[in-house]
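Everything below concerns the one structure shown next.
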């Protein structure tokens, strides 16, 4: 019986991909993924069979992976960042479970977008943090709103996935408004675009000015806790762990 | 001027380490780290100079790294998992900032323990989640308690770092008690010991039975949200993203 790897290829640059991720690509007969991610790894694929498709075709891709694996093929389903964080791991396992398939599904972890962006910003995620997606495509906005309130109340560091897209230009402003109820206006905010991809860029700003920054669907937004500070050169953001220096 | 890499070596197995992490080890004149982590990477170090020290010597290690870098050496300060999640990235940057050092500090991200454990369990972190450390060595217990309450209130998935050690055997029970105020007794809980290291093992249980499981300082505990379920074979834990199948 064959198997399906669900592989987190990491943020983009090959140097931040793991050996296990590369091995899963090499082991596969067929590679399946969203075309943007296939483009990222195209130099690692050589002449393998590739099935790429557009956004929002996640269920189709998983069903196809399962069908081909049932026929005896080894599949690598690629996901950017970590496959287990808003990636393909869940839906692939859900579909395998729903269809009572006995195909082996192996999740290969990758550097998540939040961890990649944090390393560019310095060390913002050094204490308790929450990861929230602002996309209300699959989640009710009321749930997201509630979680933003809880994250603010708990003085967590916050990593926001999918902060903005054409379809939801205002969610980031709504999030800012909620968080300003709990966090100081000057709370440091780091925004990394294309984290650990070529053309990476970032800015460090503050919660009250956050919505004036350029934010899009390639951005990760990290908002500090009450102890997070910006270095004197304004290039890094640090959340102290609590050591006494 | 020389530099300091603060490198996340990932969970342990080399296959889950990135190329950038290996390159930073190769580029260093001197490797500095907690001895347990130095042991993990010993086959990658060859005959390089190594300074290893025991637990709780984090500040010493960073000061030494800075001192040697100021003398012109390239240093690799190693951290397990991701250097930016309860790792060495923050304290190294804090010390460099406090001493107004101009040494370049480069943070190299790694697969975090939470992402590694999640991949073993299936796909528990597929929706909004919080990461909380139960160690009250550097954080007041009242803060941890408050955050557990907020995490429960927000129906977040929860990844618990440092769930139990000899010095704090009861924090996990206190956490369980708090979370049972918000989450159902049967909420799935995955406990992974030595995630993505040799001798990895895991169990899947429920929130009400969590404290009866073997949990120690090498364990990562992941508690589901209200939608998380366990597969029929009881081998995987999945949190749905919200797709309609």
**Report entry** Distances in nm from residue B:19 to the matching label points in the other copies, shortest first (labels 7 Å along Cα to Cβ)
**Finding:** 1.4
Query raised in the report: Given the convex hull over the Cα atoms of chain B, what projected area results after averaging over all orientations, in nm²?
Result: 14.3
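Using the 2.2 N^0.38 Å rule of thumb for compact globular proteins, work out how the protein assembly as shown stacks up: its C-alpha Rg over that value, please. Intermediate values should be presented prior to the final figure.
Values: Rg = 21.1 Å, N = 490, 2.2 N^0.38 = 23.2 Å.
Compactness ratio reported: 0.91.
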Query raised in the report: Copy-to-copy spacing for residue A:100, label 7 Å out on the Cα-to-C-beta vector, in nm, shortest first?
Result: 7.3
Query raised in the report: What list of whole percents do you get for P(r) of the stretch B:114-238, with Cα-Cα distances grouped in 5 Å bins up to the one holding the largest distance?
Result: 2, 12, 24, 26, 21, 10, 3, 0, 0
**Report entry** Neighbouring partner chain Cβ atoms per residue of B:140-153, average, 10 Å criterion
**Finding:** 4
Report summary line: Diffusion coefficient in µm²/s returned for the stretch A:194-245 by Stokes-Einstein, Kirkwood Rh over C-alpha pairs, 4 °C and 1.567 mPa s, is 101
**Report entry** Label-point separation, residue B:243 to residue B:174 (7 Å along Cα→Cβ), nm
**Finding:** 4.1
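Please express the shape of the stretch A:3-111 as an equivalent ellipsoid: the semi-axes are the square roots of 5 times the eigenvalues of the C-alpha gyration tensor, given largest first in whole angstrom. Before the final figure, lay out each step's value.
On the way: eigenvalues 77, 40, 33 Å².
The equivalent ellipsoid of the stretch A:3-111 has semi-axes of 20, 14, 13 Å.
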Query raised in the report: Does anyone have the angle between helix B:58-70 and the longest principal axis of chain B? Alpha-carbon axes, 0 to 90°, nearest 10?
Result: 30
Query raised in the report: Between copies, how close do the residue A:44 label points come, placed 7 Å along Cα→Cβ, listed in nm from shortest?
Result: 1.6
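Mind checking the full-extension length gain between residue B:232 and residue B:209? Use 0.36 nm per residue of separation minus the Cα-Cα distance, one decimal, nm. Please report the intermediate quantities before stating the final value.
Values: separation 23, 0.36 × 23 = 8.28 nm, distance 1.88 nm.
Answer, rounded to one decimal: 6.4 nm.
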Query raised in the report: Helix A:89-98 versus the longest principal axis of chain A: what angle, 0 to 90°, nearest 10, using Cα atoms?
Result: 50
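What average number of partner chain Cβ atoms lie no more than 10 Å from the Cβ of the residues making up A:234-242? Display every interim value, and only then the final one.
Numbers: counts 0, 0, 6, 1, 8, 5, 5, 12, 9.
Mean partner shielding for this stretch: 5.
Other chains near A:105-118: what is the mean number of their Cβ atoms within 10 Å of each residue's Cβ? Could the numbers behind the result be given before it?
Values: counts 3, 1, 8, 4, 14, 5, 12, 8, 0, 7, 13, 3, 2, 8.
Across the residues of A:105-118, the mean count of other-chain Cβ atoms within 10 Å is 6.
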Query raised in the report: Once both axes come from the Cα atoms, what is the angle between helix A:141-153 and the longest principal axis of chain A, in degrees from 0 to 90, rounded to 10?
Result: 50
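Each reported figure results from applying straightforward, stated rules to the coordinates on display, with no laboratory input. These figures come from a predicted structure and were not determined experimentally. Backbone-built Cβ (ideal geometry, glycine too); neighbour counts: all protein chains shown.
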